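Participant: Please find one structure pasted underneath; my questions will follow.
The values are calculated or read from the model by the stated rules, or taken from the named source; none is laboratory data. Remember, predicted model here, so these are calculated numbers, not experimental data. Cβ placement follows ideal geometry from the backbone for every residue including glycine, while neighbour counts extend to all protein chains displayed.
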Amino acid sequence: MKVAGIIAEYNPFHNGHKYQIDKIKSAGFDYCIAVMSGQFTERGLPAIADKHTRALMALKGGIDLVIELPVYLATGRADRFAFGGVKLMDSLNVVDSLCFGIEPESKPYFSSIANFLLNPPKWYDEKLASYMKDGKTYPEARVCTLSEYFDSDTLSCLNGSNTILGLEYISAMHKISSSMKPFIIDRVGSKYNDTECRTDGFSSAGAIRLALNSNHDSLAIDSCPEYSVKLLNSLNLKNVNDYSDILHYKLTTATDYCDYLDVGEDISNRIRSLLPEYKDYESFISLVKTKNITYNSVARNLLHILLNIPKDVTNHANYARILGFRKESSELIRMINEKSSIPVINKLADAKITEELKLDIMASSIYDRSINEYKKTPVII
C-alpha cells in the first residue's frame, strides 16, 4: 500500500488542487491524506468556508482522509506551519511520501537548497537566529543566511511562495528524521500570490477569494470544480471584518499582548499605541504594519491574541482529529488507528480534551457561534 500526504488549506478547493491529487493518484499511490488547516489560516485570516465544508470539497476531489492541522500550528508563520504539518503527517506512521508543488522556474535550483537544508551546517541556525535578532523578518533572515552559501541565481527560487514552503517541508523532515520522501509536482497556472483570476481555469486561491468577495463570481467559478462552487454558494462566506468587534474587545481588555504566540514587545507597543485609531479588523492590520512588519505577520499576531493562543504553546500536534473520509478508505483508517503514535479523534465527545484541543474548540466558537464542536462528526462520502 502506497500512501501520499498533502499539507493544505483548500481555501477554497480549486482546479489546481484537483490537478495535484490526480497527479498523485496517477503516480501509483493508493491513498492520499490531507492535513488541512481548520477555521483560520496561515495568513492569520479566517478561512472563506468552515473546515468541514472544505473537507467535503477535498473528499469530493479525491482526497481519502482529511485530518485537521491544529489552529496553533495552522496560523503560524511558514516554518511553524510546515513543521507542525510534517510532524503530524509523520506521526500517523503510514505516509510514504509528502507531496507538494513548487514554481517550475525554481526547479533547476530547488534540489541544491533542499539538500543543504536536509543536512545544514551547525552555523545555519545560529546565523538565522542572529539575523532575526537584528530585526529582520523570518523570510529576510533566511535569505541572508542562505546567501552566505549560495549564489544569487540559486537564491532566486526563494521568490516563489510554494517553493519557500516546500523548502520548509524539507527542513522539517530533516529535523524529525522522517522516513517520508518528498514527491514534488510543478505548480500550474497562477502563482500563489497572484490576485487576478486566469482564463485557463488555474487561478490562485487568493485570486478566487478576491473574486468571490468582489461579486465577480464567474471568474472564480471557472477555477473551481462544480462541487466546490455549489458548496460555496450555499454559505455566507467569511470575511476578516466579521470579527472586528470581538477583536477590538479583546485588544481593549487584554493585559499583556506579549503573552500570546509570536507577539514581541515592538509590535505589542505599536498595537497598543494605535488602538485609539481602530476602525475595523482589516484596516487595523494595514495601520499596524510597517516596512519591517508585514501585513501577514500583523494579521497572525492579532489572530493569536484574538484566539488566546499562548506564547508557550507546543510546536507539534498531540492528536490527529479526523474531519472527513471516504467510505472506501476504511483500510487506511484501520492502519492509522493501529500505527499512529498520537491519539486519533473521531468525535470530541470520546476524546480527552487537552489544552491544545481547547484552542481548536475556541477557534470554532469564535469563527461561527452556531458551530457546536462537540456535536460535529467526520464528513463521510
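Participant: Step by step: first the residues of region 266-293, then only those that are over 22 Å from the mean Cα position of the chain (by Cα) and under 23 Å from Ser161 (Cα atoms), then the one that is surrounded by the fewest Cβ atoms within 10 Å (Cβ to Cβ). Which residue is that?
Facilitator: Lys291
Participant: Right, another one. Could you check region 139-181 and list, in sequence order, the residues that are more than 20 Å from the chain's Cα centre (by Cα), modelled with pLDDT under 90 and exposed (fewer than 15 other Cβ atoms within 10 Å of the Cβ)?
Facilitator: Result: Ser152, Asp153.
Participant: Separate question: Of all residues in region 62-101, which are hydrophobic (A, V, I, L, M, F, W, C), part of a helix (DSSP H, G or I) and at pLDDT 95 or above?
Facilitator: Val71, Leu73, Ala74, Phe81, Ala82, Phe83, Val86, Leu88, Met89, listed by residue number.
Participant: A further question on this structure: Among Asn315, Asn301, Asn296, which is within 16 Å of Leu73 (Cα to Cα), surrounded by fewer than 16 Cβ atoms within 10 Å (Cβ to Cβ), within 17 Å of the chain's Cα centre (by Cα) and touching a residue at least 12 places away in the same chain (Cβ under 8 Å)?
Facilitator: Asn315 is the lone residue from the list that is within 16 Å of Leu73 (Cα to Cα), surrounded by fewer than 16 Cβ atoms within 10 Å (Cβ to Cβ), within 17 Å of the chain's Cα centre (by Cα) and touching a residue at least 12 places away in the same chain (Cβ under 8 Å).
Participant: Here is a check on your reading of the model: is Ala27 over 24 Å from Ile366 (Cα atoms), among the small types (Gly, Ala, Ser) and surrounded by fewer than 23 Cβ atoms within 10 Å (Cβ to Cβ)?
Facilitator: yes
Participant: Just wondering, is there one or more residues in region 31-48 that are assigned to a helix (DSSP H, G or I) and within 19 Å of Ser340 (Cβ to Cβ)?
Facilitator: So the first thing to find is which residues in region 31-48 are assigned to a helix (DSSP H, G or I), and the list is none.
Scanning region 31-48 turns up no residue that is assigned to a helix (DSSP H, G or I) and within 19 Å of Ser340 (Cβ to Cβ).
Participant: Here are the criteria: (1) modelled with pLDDT under 90; (2) surrounded by 24 or more Cβ atoms within 10 Å (Cβ to Cβ); (3) not aromatic (Phe, Trp, Tyr). Tell me which single one Leu118 does not satisfy.
Facilitator: (2)
Participant: Among the residues of region 210-256, which ones are part of a helix (DSSP H, G or I) and at pLDDT below 90? Give the steps one after another, and end with the answer.
Facilitator: Keep residues of region 210-256 that are part of a helix (DSSP H, G or I), which gives 210-213, 217-221, 226-233, 240-253.
Of everything in region 210-256, those that are part of a helix (DSSP H, G or I) and at pLDDT below 90 turn out to be Leu210, Ala211, Leu212, Asn213, Asp217, Ser218, Leu219, Ala220, Ile221, Asn233.
Participant: Does region 102-119 contain any residue that is assigned to a loop (DSSP other than H, G, I, E, B), of a type in the set (A, V, I, L, M) and touching a residue at least 60 places away in the same chain (Cβ under 8 Å)?
Facilitator: Scanning region 102-119, I find no residue that is assigned to a loop (DSSP other than H, G, I, E, B), of a type in the set (A, V, I, L, M) and touching a residue at least 60 places away in the same chain (Cβ under 8 Å), so the answer is no.
Participant: When residues of region 363-377 are filtered for being free of Cβ contacts under 8 Å to residues at least 60 places away in the same chain and not in a loop (DSSP other than H, G, I, E, B), how many remain? Spell out how you get there, then give the answer.
Facilitator: Filtering region 363-377 for residues free of Cβ contacts under 8 Å to residues at least 60 places away in the same chain gives 365, 369-370, 372-375, 377.
Within this subset, residues satisfying the condition of being not in a loop (DSSP other than H, G, I, E, B) are 365, 373-375.
Adding up the residues that qualify gives 4.
Participant: Mind checking whether some residue in region 339-351 is part of a helix (DSSP H, G or I), farther than 22 Å from Phe40 by Cβ and in contact (Cβ under 8 Å) with a residue 40 or more places away in the chain?
Facilitator: yes
Participant: What do you reckon, is Ala55 out of contact with any Phe, Trp or Tyr (no Cβ under 6 Å at 6 or more places or on another chain), closer than 23 Å to His316 by Cα and buried (at least 24 other Cβ atoms within 10 Å of the Cβ)?
Facilitator: yes
Participant: Further, regarding this structure: I'm told Lys133 meets every condition in (1) touching a residue at least 24 places away in the same chain (Cβ under 8 Å); (2) over 30 Å from Ile322 (Cα atoms); (3) not aromatic (Phe, Trp, Tyr) except one. Can you identify the failing condition by its number?
Facilitator: The one condition Lys133 does not meet is (1).
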